[in-house]
Structure formats: C-alpha cells, structure tokens
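Every number here is computed from the coordinates shown, using simple stated rules; none is lab data. Since this is a predicted model, take the numbers as computed values, not measurements. A quick note on method: Cβ atoms are made from the backbone with ideal geometry, for glycine too, and the neighbour counts reach across all protein chains shown.
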C-alpha cells in the first residue's frame, strides 16, 4: 500500500500530511512534486492544504488546471482514493471533482481555530471508523472556506449522503452559531460522485496526535487504510 | 490580427459579497454611507485572432475554463481592436 502527497508551489501542509501518514499511521508515503506527476500507481492521493499559486485568481483555481490534476482525475476514475484537505478541497472544487465551490468566508478574514464537526455519513472509505453522528474536533485554517452550491445541488448531495461533515456545537447541534464561515447548511466535507473523493476544509492532519490536543483526525487516514486493505 | 479584449467578472446577483460589505462598512466609517456597493474583476487581454468573433469566442472560453467560476460568477466580454 502506498500513499502520495502532492506538493504544489505554496502547499504548506504537505509535510504534516506525510508525517501523519508515515509516522503516525505507518503507511508508505511519497511526496510528489506536481511538475513530476504521480509517476506510478498509488492507492490513495492526498492534496494537502496551503496556498497553491498564492491563491491567485481564486483559491485552488490554477492548481486545478495543472497536468497532475488530470492524473489525479484518472486515478479517481479508476477507483483510487483522493483526499483534498483545505486548499486541496478548494482545488477539488475548482476541478469539478466535487460540486459547488468554497467562497470567501462570510466574515471575510482568515480563521484559524478548533471546530466541532458532526460525522454525517460513516459508510464511506474515509469515515468508516467513526460512528454516524459522532462529534469530532478538528481545526480550520482558511479564508475561503464557505461552501456554496445551488439548491438543487445541495438537495442531491443530501439525498445521496454525500455530505460528510457539518460544523456543529460540542453537543452535535448544527446551528448558525457553530458555523464559522457561513457555509451552506454548515457543510464542510463533501464526497465526489464516485464516493472515493473527499474534499474537506478542516485539517485532520493537524489533529492526529495526542500531543496536539486532538487525535480525532487520525481516523480519516486509518479509515482509508482499512478500506484499501479490505478492497485491495 | 491583434485584439484587445476586456473581461469583466462579477458575482451573480444574490451571491453574498463579504468583501463589498466590508468596504461598505469602512466607507460608512469615513462618512460615506452607500446603499449599494459591488466589486468586479477586470482582465485586460491582448491576443491574436482571425476576427472579432473569434477573439470574443476565445475570451469566453477563457472565462469558462479558468477566469470565472460558474457557480458564483458571471462575465462580460468586450472586444476592442
């Protein structure tokens, strides 16, 4: 089993993601510079957080049009797992891999703080180790994270159980006060059409070790590993 | 032929523009209350094309494929020779 973490110019959570995968979860992980492409087949690809291309034009817009994204698209079409975190989620939305977009926060400033999330669907390759409805704590760090999609898309996402995480309060209530950035229906984690692509704004790699205050994020990576082990 | 094209990207009506709202508040603090304020992004582009129609079509393709995000944006293209 082998994971890839793709590095764009301006990625800055690439080493954190690779650290958690290789040292905390114990899975072989390669860092892949985007210009060199994937170079081989991987079981899973992580598009990490950061500021690819300095967020020029729109966050993720330019990285989404690079050749490595075509490779990642092929990987996903072939059933491979892809996890887009923060800037990786913005890139995924800009690529059309997940519907909707991540627009500038309702209160337009950079937010960096812990949030509570409710796991809305645990029957996915990314969340099988959580309980449905479980409340987890992961940090956010973004300025453009307000999930937006039109009403028809939102209805389809809800119907098809492709909403994976919603911002909530510590008791799991999905309220306006618990929504830090104004996301539609508090949504901050969504699944692509094939069910093998998760785009999420919160950072699981920053909450995968007890010393960092929360290990809640680790189960995403461990769920992916388990999925690959059981389907591989 | 060389054409100068101006592309103007704006938010679709009804889409929240937090940046515009913040600017409006700041203007109000300076003593300029406003009833409406919106932001836009303008790209000034020079390019080769066979004729005006081709230049306009190319600019539209640029918007569709990169410059605009169809979920939240609309765009206008103006061709100048």
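Its alpha carbons give region B:2-80 an Rg and a Dmax of 15.8, 50 Å.
Measuring nothing but how far apart in sequence close Cα pairs (under 8 Å, 6+ apart) lie, relative to its length, region B:2-80 scores a relative contact order of 53 percent. The helix-based estimate of mean residue ellipticity at 222 nm for chain A, built from -39,500 (n - 2.57) per DSSP H run of four or more residues and divided by its residue count, is -6000 deg cm²/dmol to the nearest 500.
When you count, for each residue, the other Cβ atoms within 10 Å and take the mean per peptide, how do A:16-28, B:19-31 rank with the highest first?
Packing proxy ranking, top to bottom: A:16-28, B:19-31.
Computed from the C-beta positions of residue B:46 and residue A:23, the FRET efficiency with R₀ = 35 Å rounds to 0.10.
In chain A, the DSSP beta bridges split such that about 60 percent are antiparallel, to the nearest 5. The mean number of partner chain beta-carbon atoms within 10 angstrom of a residue's beta-carbon across peptide B:67-79 is 3. When only alpha carbons of chain A are considered, Rg and Dmax amount to 15.8, 45 Å. Each peptide in A:103-115, A:81-93 receives the mean, over its residues, of other Cβ atoms within 10 Å, and ordering these scores from highest gives A:81-93, A:103-115.
Inter-chain neighbour count for A:96-109: the average number of beta-carbon atoms from partner chains within 10 Å of each residue's beta-carbon is 3.
For peptide B:12-23, compute the average count of partner chain beta-carbon atoms within 10 Å of each residue's beta-carbon.
3
Here the spin labels are modelled as points 7 Å beyond Cα on the Cα-Cβ line, and at residue A:134 and residue B:57 they lie 5.4 nm apart. As a length-normalised measure over Cα pairs under 8 Å and 6 or more apart, the relative contact order of region A:43-96 settles at 52 percent.
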